[in-house]
Structure formats: structure tokens, C-alpha cells
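Let me begin by presenting the structure, written as C-alpha cells, before commenting on it.
Nothing in this text is a laboratory measurement; each read-out follows from the coordinates by a stated rule. What you see is a predicted model; the values in this text were computed from it and never measured. Please note: Cβ atoms are built from the backbone with ideal geometry, for glycine as well, and neighbour counts cover all protein chains shown.
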Amino acid sequence: MITFTSIMGLAAGVGLILLPMMMFQLYRNRIQSFDGWALNFGGLALTLLIFGGYMSLTWPLKDPEKFKNFMFGELTFLMGILLLITAIFLWKRGDTILEKREQAVDYLFQVAQPLSVFVFAVGLALLMNSIGAIQYKVFSFAPPQEPILGTWPRPLVNFILCSLYVIPTIGCLLTLPAVYMKSHKLMKIACSTWLITGIGWLIVATVVYYTHIAMDFNFRAGL
């Protein structure tokens, strides 16, 4: 079975960590150039667009994990688009942002108003996926041959993975009012949810590299 959830989770996690890191640095007026940020976001966007796009269009995951083709594939593809937009904007307008200095955050609030509608829509999609994941316990079906995900208590595994959909939902839904109200407080809350989620996905993705290796060997050993 073809699956890219490890590399996609890794890229999504790093992206969700870097976005609030950049905003924090910008608030503290510590950024001297956006070139490095643009390159990082561009590389992450390319990863998510390739693998998320392939998963969204071809549905490589089969039963009983077919739903993850859109639950994971489509959402990471959308994140890739958002990161690509961010990379292009920072590459083209980074100097303009730095020239404004004290007004840089307010300028970004103004520029982000149309984009915040897109982010809000992603938040709605995350919300529906979160409800479905919780109701149907979709992360409770890893085979016993897979360590951790298949051997830990299933309610605990489902709770942890569902939370990685619920927490960023809050941030995405808050982005729209935060941007239009130019609320630094709401934006900080949104960024905090993305940072927590990014750390979570980074941990899960790196652990999955091990669990998939172990699962493959356990299946071949007939365990």
C-alpha cells in the first residue's frame, strides 16, 4: 500500500512550526531578511503539493484507510498552496515589509484579509474532519503489528491524533476575525495553536517512520 503520511506529516509539522516562529520574530523586530523564510516555505510547499496532490487525485490508500486520501491528502495539499503563497509573497515583498518596520504587522493584517477567508474555509474543513474523526474513531484501527499506534490503548491514540485536527481548527477559524479586527491577541492565539499542532505532527511523523518499518517486518515475520 502506497502511503506518504510520514513525509507529508513531517513537512506539515515543520510548516506549522515555522509560521508562528516567523510571526514571533516579526513582532520582536528581529528579522533582517525574509529570504531564508521564503526558501523554507517554498521547499515545504513543493513537498506538500507533490505528495498531497498525488494523494488527492489518485487515492492510493485503500480500505480501510481510504478516507485518509481526502482527510490527510487534500488538507495537506491546501496547506501546500498556502505555504507557496506565503513563500512567493515574502520573496517579492519581503523588503517592503522590512521597510515599514513598526507598521509591518498592520500591513500584513491588511494584505492577509482576502487570504484569511481561504484559511477560514480550511478551518471549516478541519472542523468537519475533526467531528468525523471523533465520532467514528478513525484513528483506532492501526493493526497490532504496528507498534505504538496499534499497541497503545486505542482511545488514547484516537484522542491524540484527533487533537491534531481540532487544535489547528481553532487557529484557522480565529484567523478571519483576527485579521479583519487587527487583533494581535487573537492572532497570537491562532499562532499558538499552529505551533502546538506543528510540534505534534512532527513527533507523530518521525515516530511513524519507525512504526511503519516495524509493521512491515512484523507482517513479513507473520506476527
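Side notes on the structure shown:
- With helices as the sole contributors, the chain gives -27000 deg cm²/dmol at 222 nm; each DSSP H run of n ≥ 4 counts as -39500 (n - 2.57), and the sum is divided by every residue.
- For the residue pairs LYS100/LYS185; LYS92/LYS182; LYS92/LYS188; LYS62/LYS92; LYS68/LYS188, the C-alpha atoms sit more than 32 angstrom apart in LYS62/LYS92.
- Restriction of the chymotrypsin sites (Phe, Trp or Tyr not before Pro) in segment 109-145 to DSSP coil positions whose beta-carbon has at most 15 other beta-carbons within 10 angstrom yields PHE141.
- Principal-axis analysis of the Cα atoms of the chain puts helix 184-220 at an angle of about 30° to the longest axis.
- Per-residue ³J(HN,Hα) for segment 98-106, Karplus 6.51 cos²θ - 1.76 cosθ + 1.60, θ = phi - 60°, Hz, x for Gly and Pro: 5, 5, 7, 6, 4, 9, 4, 5, 5
- All Cα-Cα separations within the chain were binned at 5 Å from zero, giving a P(r) of 1, 7, 13, 19, 20, 14, 10, 7, 5, 3, 1, 0, 0, each value a whole percent of the pairs.
- The string of couplings for segment 128-142 from the Karplus curve (6.51, -1.76, 1.60, θ = phi - 60°) is 5, 5, 5, 4, x, 5, 6, 5, 9, 6, 5, 9, 9, 10, 5 Hz, one whole number per residue in order, with x for Gly and Pro.
- Placing unit charges on the Cβ atoms only, positive for Lys and Arg and negative for Asp and Glu, gives segment 5-220 a dipole magnitude near 300 debye about its Cα centre.
- On Cα atoms only, tilt of 154-181 relative to the major axis of the chain in degrees: 20 degrees
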